[in-house]
Amino acid sequence: MAFQILLNIGLALIWMLLRAEYTILEFIIGYIVGLGLLFVLRRFLHFDFYFRRIAAFIKLILLFFYKLILSNIDMIKIVLSPKMDIQPGIIAVPTKLRTDWEVTLLANLISLTPGTLTMNFSEDGRTLYVHSIHVPDKEKAIKEIHESFEKAIMEVTH
């Protein structure tokens, strides 16, 4: 992946040299042309296109902010309601993530959203114990974590 990024920057610099214009706009145009060239060459050189991971990373960040806003709205509803109609609980979330770094990222993303906190890991590090302030359906909460954060992390790292 690092080689592809350097190659793309090199192609953008060559583009600037061939155009004899040394501006940021020409660099960006050359970078986009280089992206297109690398995208076409990926079929012949059998490498994974690096920009896919960058797009997946941006998607993960946007997903986190979306979940952050939704959980803040839920917390405001809970705090401002006159009756405390909550069902707190601890759920065990098994994960398919392979490395400790991925599991740690998942735990941090869960803990950073209001109303949830990753309390502990299992001995093998593949199950997270998450406390949530409102869990009416534990299976639904586990499925939501799998389909949102875990899936997005797997897109970035695999």
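The values are calculated or read from the model by the stated rules, or taken from the named source; none is laboratory data. Note that this is a predicted model, so its numbers are computed, not measured. With ideal geometry, Cβ positions are generated from the backbone for all residues, glycine too; neighbour counts draw on all protein chains shown.
For segment 20-40, check the following and say yes or no: at least one residue is free of Cβ contacts under 8 Å to residues at least 12 places away in the same chain, assigned by TED's automatic domain parsing to the domain that holds residue 118 and β-branched (Val, Ile, Thr). Checking segment 20-40: not a single residue is free of Cβ contacts under 8 Å to residues at least 12 places away in the same chain, assigned by TED's automatic domain parsing to the domain that holds residue 118 and β-branched (Val, Ile, Thr). Residue count for segment 95-151 under the criterion of being farther than 24 Å from residue 79 by Cα and among the polar types (S, T, N, Q): the result is 7. May I ask you to list the residues in segment 44-70 that are in contact (Cβ under 8 Å) with a residue 40 or more places away in the chain and either assigned to a helix (DSSP H, G or I) or acidic (Asp, Glu) (or both)? Selection gives 48, 53, 56, 57, 59, 60, 63, 64, 67, 68. Examine segment 22-33 for a residue that is farther than 23 Å from residue 158 by Cβ, within 26 Å of the chain's Cα centre (by Cα), aliphatic (A, V, I, L, M) and surrounded by 12 or more Cβ atoms within 10 Å (Cβ to Cβ), and state whether such a residue exists. Scanning segment 22-33 turns up at least one residue that is farther than 23 Å from residue 158 by Cβ, within 26 Å of the chain's Cα centre (by Cα), aliphatic (A, V, I, L, M) and surrounded by 12 or more Cβ atoms within 10 Å (Cβ to Cβ). Every condition in (1) assigned by TED's automatic domain parsing to the domain that holds residue 31; (2) over 30 Å from residue 11 (Cβ atoms) holds for residue 65 except the one numbered (1).
Residue by residue, here is whether (1) over 21 Å from the mean Cα position of the chain (by Cα); (2) touching a residue at least 12 places away in the same chain (Cβ under 8 Å); (3) outside the structural domain of residue 56 (by TED's automatic domain parsing); (4) not in a helix (DSSP H, G or I) holds:
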residue: 87; (1), (2), (3), (4): yes, yes, no, yes
residue: 91; (1), (2), (3), (4): yes, yes, no, yes
residue: 114; (1), (2), (3), (4): no, yes, no, yes
residue: 125; (1), (2), (3), (4): no, yes, no, yes
residue: 136; (1), (2), (3), (4): yes, yes, no, yes
residue: 140; (1), (2), (3), (4): no, no, no, no
residue: 148; (1), (2), (3), (4): no, yes, no, no
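The residue of segment 1-10 that is farthest from the chain's Cα centre (by Cα), among those that are farther than 15 Å from residue 55 by Cα and surrounded by fewer than 18 Cβ atoms within 10 Å (Cβ to Cβ), is 10. Could you check segment 55-108 and list, in sequence order, the residues that are touching a strand residue (DSSP E or B) at 6+ places or on another chain (Cβ under 9 Å), within 14 Å of residue 151 (Cβ to Cβ) and aliphatic (A, V, I, L, M)? Listed by number, the residues that qualify are 93, 106.
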